């Protein structure tokens with residue numbers, strides 16, 4: 001069986017024959033879509049931005065040259081820039097839908113467990129969305145895209161060591177947030193009930 | 001410093017600080033066989049482990065809608081086929097190099113022919 005064509009060879013081919021772009025599209029559509037979806041939080045904008053990423057890539061692929069930056073990193077950079085522009089334009093809008101990641105399947109069997117897990121996930125997604133942009137990007141690339149630290153470093157333009165360090169700091173920051181949230185929840189549940197609730 | 005403060009700092013130090021060690025440790029704890037007793041972790045580390053697990057469960061890949069993938073793919077294919085480079089742009093450089101190379105060959109041959117002609121003329125004059 002022949003080896004799949006490398007990105008480098010594929011890009012060379014596309015430069016001569018743009019109709020080969022479909023192969024790049026098939027290879028990266030799900031990855032780019034996931035990246036964008038987790039950055040914007042809804043399917044409508046994720047589809048719109050993903051389309052723009054590929055249109056832009058097709059238009060500018062002739063300018064791409066492999067100077068130590070793999071093609072995938074170049075594609076993610078386009079996505080990153082478009083998402084950053086989107087966030088700038090939608091600064092006041094808070095979209096936290098992310099409906100696909102919320103459990104629904106087991107709701108009939110274990111409704112309480114599902115509700116609790118969904119609550120935890122909603123909280124976690126909210127906490128992630130409040131992290132600085134580069135930390136969100138890091139978590140998405142590591143967990144959703146399942147890239148190695150070296151690959152994440154190439155996409156984010158940092159060294160592998162810097163990525164590990166940022167990852168570590170991000171986890172500790174999230175843990176502190178989580179502990180604060182738990183404390184706040186406990187404090188709320190310890191508060192005495194209001195008079196209204198005591199009335200018959 | 002109080003005893004509570006000291007023990008808190010000691011607990012915090014137990015979290016692996018070196019990133020490589022930390023990654024290895026997390027991988028180890030997350031794939032720990034369920035039929036074996038889990039190692040006892042200090043509360044802070046336990047929270048961190050739980051957080052990692054939650055992130056793995058929450059940040060899962062999603063599939064884009066099939067209609068969207070198909071329509072965008074078709075649209076890009078159409079756009080790509082329109083972007084086929086015209087003949088002049090595609091082979092322009094090769095044609096230029098070809099003409100330049102042919103010109104060079106013609107020049108060299110011309111110089112050679114002129115030199116040969118001069119030599120022949122001289123030899124005729126000398127004979128006469």
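Laid out as a table, the results:
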quantity: Average beta carbon contacts from partner chains per residue of A:33-39, 10 Å cutoff; calculated: 3
quantity: Linear extension gain, residue A:184 paired with residue A:159, 0.36 nm per residue minus alpha-carbon span; calculated: 5.3 nm
quantity: Taking A:170, A:187, A:159 and counting other C-beta atoms within 10 Å, the order from fewest to most; calculated: A:187, A:159, A:170
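None of the figures in this text is laboratory data; all of them are computed from the coordinates on show. The shown structure was predicted, so the numbers you read here are calculated from the model rather than taken from an experiment. Ideal geometry is used to build each Cβ from the backbone, glycine not excepted, and the neighbour counts take in all protein chains shown.
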